[in-house]
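Participant: The following block contains the structure, expressed as structure tokens.
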Amino acid sequence: MTAGEENDSTQGSHIFTKKYADETGLKVYGQGKPVRLFVAGLHGNEWKDTTEIMMNIKPPERGTLALIPFVQRGEYTSTLDPAYYPVMGKSILEAIEALNPEIYIELHSYSRENLEKLAGKDRLERIGVPAYSILKSGVLLGSVSPWIRKRYFPKEALCLSFEIQKRNPESREFAASTLEILKENGSRDEFIEYLQKEFPEQARKAIEDYRRFYGEI
Ligand SMILES: [Zn+2]
């Protein structure tokens, strides 16, 4: 335990240290392409709802799956903040540089009262990033922070951010099943095809957001 951790008032932090020690760092399954990187527990107390989901993911049938079930806890810095990745999210940047993933997934969690902030249509006007789409069981689908998208990934990479609703078992379950699909996924286009079939409206928005980001509309 470091001095910093002693000051951590996050409830359950001791349980965390005991139960998850050494199991939550970067884990790499399989080999070859495609390379996928999934991360969870990015800030604040989000690990409570997301880390275990990541820890339960089994190796993929083909290609590589890298997992960081727990990035940081305690302090909350938004991933939209330019200081997030170089400081709190340093392990993410190191993994991206080492592995060059073509599929990158962040798993976040949100409190019910913040749903409007995340999925409200005015999010683009308000903070300059597109609103999340509601998928199912309180699971939201959106883009990752432009800061990391532009600097670290080629245009054809698939970069997604999922938000699950805190303390909602159905939300967890649905997110876990979506990650199971993504972990066997081969490319951006393959996932878009799946999304168009299952969630046509959300797929349309995802494509529109992507094009807007690259200045194509
Ligand atoms: Zn988050």
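Participant: Considering each of ARG167, ARG151, ARG126, ARG172 in turn, give the residue that is within 15 Å of the chain's Cα centre (by Cα) and either at negative phi or of a type in the set (D, E, K, R) (or both).
Facilitator: Unique residue meeting the criteria: ARG172.
Participant: Only one of ILE127, ILE134 is more than 24 Å from ASN185 (Cβ to Cβ), β-branched (Val, Ile, Thr) and surrounded by fewer than 18 Cβ atoms within 10 Å (Cβ to Cβ). Can you tell me which?
Facilitator: Numbers: ILE134 fails: more than 24 Å from ASN185 (Cβ to Cβ).
Residue meeting the stated conditions: ILE127.
Participant: How many of the residues in region 197-206 are touching a residue at least 12 places away in the same chain (Cβ under 8 Å) and surrounded by 15 or more Cβ atoms within 10 Å (Cβ to Cβ)?
Facilitator: 4
Participant: The conditions are (1) part of a strand (DSSP E or B); (2) in contact with a Phe, Trp or Tyr (Cβ under 7 Å, 6 or more places away or on another chain), and GLY44 fails exactly one of them. Which is it?
Facilitator: Result: GLY44 passes all but (1).
Participant: Sticking with this one: Going by the structure shown, is ARG212 more than 25 Å from GLU61 (Cα to Cα), in contact (Cβ under 8 Å) with a residue 40 or more places away in the chain and loosely packed, with under 14 Cβ neighbours inside 10 Å?
Facilitator: In short, yes.
Participant: Could you count how many residues in region 182-196 are surrounded by fewer than 17 Cβ atoms within 10 Å (Cβ to Cβ), at pLDDT 95 or above and over 20 Å from ARG211 (Cβ atoms)?
Facilitator: Adding up the residues that qualify gives 1.
Participant: Would you call GLU156 surrounded by fewer than 18 Cβ atoms within 10 Å (Cβ to Cβ) and either in contact (Cβ under 8 Å) with a residue 12 or more places away in the chain or in contact with a helix residue (DSSP H, G or I) (Cβ under 8 Å, 6 or more places away or on another chain) (or both)?
Facilitator: For GLU156, the condition - surrounded by fewer than 18 Cβ atoms within 10 Å (Cβ to Cβ) and either in contact (Cβ under 8 Å) with a residue 12 or more places away in the chain or in contact with a helix residue (DSSP H, G or I) (Cβ under 8 Å, 6 or more places away or on another chain) (or both) - is met.
Participant: Would you check which residues across region 80-90 are surrounded by 15 or more Cβ atoms within 10 Å (Cβ to Cβ) and assigned to a helix (DSSP H, G or I) and list them?
Facilitator: TYR84, TYR85, MET88 - these are the residues of region 80-90 that are surrounded by 15 or more Cβ atoms within 10 Å (Cβ to Cβ) and assigned to a helix (DSSP H, G or I).
Participant: Being within 25 Å of ARG167 (Cβ to Cβ) and small (Gly, Ala, Ser) is true for just one of GLY128, GLY120, GLY63. Which residue is that?
Facilitator: Only one candidate qualifies: GLY120.
Participant: Considering only region 110-135, state which residues are small (Gly, Ala, Ser) and within 16 Å of the ligand (Cβ to nearest atom).
Facilitator: SER111, ALA119, ALA131 - these are the residues of region 110-135 that are small (Gly, Ala, Ser) and within 16 Å of the ligand (Cβ to nearest atom).
Participant: Can you name the number of the only condition in (1) crowded, with 21+ Cβ neighbours inside 10 Å; (2) at pLDDT below 95; (3) more than 21 Å from GLU94 (Cα to Cα) that ASP49 fails?
Facilitator: (2)
Participant: Does THR24 satisfy the condition of being more than 19 Å from LEU158 (Cα to Cα), modelled with pLDDT of 95 or more, more than 12 Å from the ligand (Cβ to nearest atom) and buried (at least 20 other Cβ atoms within 10 Å of the Cβ)?
Facilitator: Numbers: more than 19 Å from LEU158 (Cα to Cα): yes; modelled with pLDDT of 95 or more: no; more than 12 Å from the ligand (Cβ to nearest atom): yes; buried (at least 20 other Cβ atoms within 10 Å of the Cβ): yes.
Judged against the criteria, THR24 is not a match.
The values are calculated or read from the model by the stated rules, or taken from the named source; none is laboratory data. Keep in mind that what you see is a predicted model, and the values were worked out from it rather than measured. Virtual Cβ from ideal backbone geometry, glycine too; neighbours counted across all protein chains shown.
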